[in-house]
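Engineer: Pasting in a structure now, in structure tokens, and then I'll have a few things to ask.
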Amino acid sequence: MAPRILLYATLKWPSAARYAGGFAAAGCDVFALVPDGAPVQASRYVSGSHLYKPLAPLRSLRKAIAKSSPDLIVPCDDRAVRHLLRLYQSEKGSPVAALIARSLGSPENYDRVLSRSASLAELRAQGVRVPETLAVPNEEELDSCLAVTGLPAVMKADDSWGGEGVVIAKTREEALAAYRKLSNPPSRLRSIARAMRRRDAHFLLAAAKPQATAVCVQRFIEGRPAASAFAAHNGKVVGALYYDVLVANGTIGPPSVIRRVDCLQMEAASRTAARCFGLSGAHGLDFIRDSSGTVHLIEINPRATQGGTLPFGAGRDLPAALASTLTSDPIRIRRPIDNEVVVFFPKEWQRNPASPYLKSGHHDVPWDDPAIMDAALG
């Protein structure tokens, strides 16, 4: 039987749809647990779609697992990872817990993985080049942390993603203001207003149970963003690709143009992260490449990332690499992209219709999945 994959997303990010095409091309049956209106629901590669309910996430998960009987769950955002870990704790010793462990690796290690400061400190101790990153327990400790990192500094909140929860502070006053904003939960009134404006029930949960957020401060590294996207199995990397970000949405946002590169530094860091935390599944690391070409690890993404959707041939096709861990049958590999520069559709076209990369780069357009193309343009 074909391996069965359950893509799990609590956000309507389009990358889930691209992973669906990648796993289907590798010979898998693909299912999705996503919010209503998520693009992946329309994908021709999804055999069945299940509705994610923000106010009952674990019930949604249990139902989707029971109905799709997956061999692997692929979380496509950070909140989905946390839900899987919660379900693992409540189902310890059951087949569902075994499925989650097979999908994520060692769930017991994820407390360290999900802490920005703890995960980076551990990898730095393993020899990975990481800028000083310190947990800021309270306002009183901020000055002593800034004395180590210097200014400008990068303030980061745990449980944030997509460039949110990150502030580059140039002065102590900016750092203090960022700490107060990032560490304190928004008011109930603001959360309710955001829930109404964005039509997102997650903000209702924030209003019902406000929680403080852990914050860390990181030394600012001047340079260009870079990243790895890798597939792991029991702590070993089974497929990976590395790229420099040529154009991004703002200073710290997701990329719209990338260039695939060969980079021994990013390869070593990815292998160290997989081994150190016993990872399985799809993951990514964020770096800064300085003016000398040296890369500095600045963040771990313990879930499937946008870059991992791209096929660059054997060993560089993450869905195929993960599918190979589930079956002894030969795995089909998608036709590799023959251009190192990739333009994500439709971001760069929308950002700058005169962008030179639109002429020189490979356009990552889902021609084979028309509904997804329509959703991206809509």
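Throughout, read-outs are computed from the coordinates displayed, never taken from laboratory work. As the structure is a computational prediction, the values presented were derived from the model and not from experiment. Every residue, glycine among them, receives a Cβ derived from its backbone with ideal geometry; neighbour counts consider all protein chains shown.
Engineer: To the nearest 500 deg cm²/dmol, what mean residue ellipticity at 222 nm is calculated for the chain from DSSP H runs of n ≥ 4 alone, each contributing -39,500 (n - 2.57), summed and divided by the residues?
Structural biologist: Dividing the helical sum by the residues of the chain leaves -10500 deg cm²/dmol.
Engineer: Rounded if a/c is under 1.5, else prolate if a/b beats b/c, else oblate: with a ≥ b ≥ c from the C-alpha gyration tensor eigenvalues square-rooted, which is the range 224-377?
Structural biologist: oblate
Engineer: List the trypsin sites (Lys or Arg not before Pro) within the range 89-124 that fall in a DSSP loop (any state other than H, G, I, E or B) and whose Cβ has at most 16 other Cβ atoms within 10 Å.
Structural biologist: LYS92
Engineer: Can you compute the modelled spin-label distance between ALA371 and GLU222, with each label point 7 Å from Cα toward Cβ, in nm?
Structural biologist: Between ALA371 and GLU222, the label points sit 5.0 nm apart.
Engineer: Quick check for me: using +1 on Lys/Arg Cβ and -1 on Asp/Glu Cβ, what's the dipole size of the range 249-378 about its Cα centre, in debye to the nearest 20?
Structural biologist: Approximately 140 debye in magnitude.
Engineer: Place a +1 charge on the Cβ of each Lys and Arg in the chain and a -1 charge on the Cβ of each Asp and Glu, then give the dipole magnitude about the Cα centre in debye, rounded to the nearest 20.
Structural biologist: Working: 46 positive and 36 negative charges, 188 e Å.
Here the size comes out at about 900 debye.
Engineer: With only alpha-carbon pairs counted, each pair once and no self-pairs, how large is the Kirkwood hydrodynamic radius of the range 4-112 in angstroms?
Structural biologist: Numbers: mean 1/r = 0.0732 Å⁻¹.
For the range 4-112, inverting the mean 1/r across all distinct Cα pairs yields 13.7 Å.
Engineer: Give me the one-decimal nm value for the distance between modelled label points at ARG172 and ALA97, 7 Å along each residue's Cα-to-Cβ direction.
Structural biologist: Spacing of the two 7 Å Cα→Cβ label points: 5.0 nm.
Engineer: Something else: Calculated from the structure, semi-axes √(5λ) of the Cα gyration tensor in Å equals which of (1) 30, 25, 22; (2) 50, 22, 18; (3) 37, 24, 22?
Structural biologist: (1)
Engineer: Hey, another quick one. DSSP loop GluC sites (Glu not before Pro) in the range 217-323 with at most 16 other Cβ atoms within 10 Å of their Cβ, which ones?
Structural biologist: Values: sites: GLU222, GLU267, GLU299; in loops: GLU222.
Answer in residue order: GLU222.
Engineer: Oh, and also: Taking the range 132-219 on its own, what percent of its Cα-Cα pair distances exceed 14 Å?
Structural biologist: The calculated P(r) of the range 132-219 puts 63 percent of pairs beyond 14 Å.
Engineer: State the number of lysine pairs found in the chain whose Cα atoms come within less than 15 Å, restricting to pairs 8 or more positions apart or on distinct chains.
Structural biologist: 5
Engineer: Does the range 84-147 come out rounded, prolate or oblate, given a ≥ b ≥ c as the square roots of the eigenvalues of its C-alpha gyration tensor, rounded meaning a/c under 1.5 and, failing that, prolate meaning a/b above b/c?
Structural biologist: oblate
Engineer: Any chance you could run the full-extension gain for ASP143 through LEU264? It's 0.36 nm times the residue separation minus the Cα-Cα distance, nm to one decimal. Display every interim value, and only then the final one.
Structural biologist: On the way: separation 121, 0.36 × 121 = 43.56 nm, distance 3.59 nm.
Contour length minus Cα-Cα distance gives 40.0 nm.
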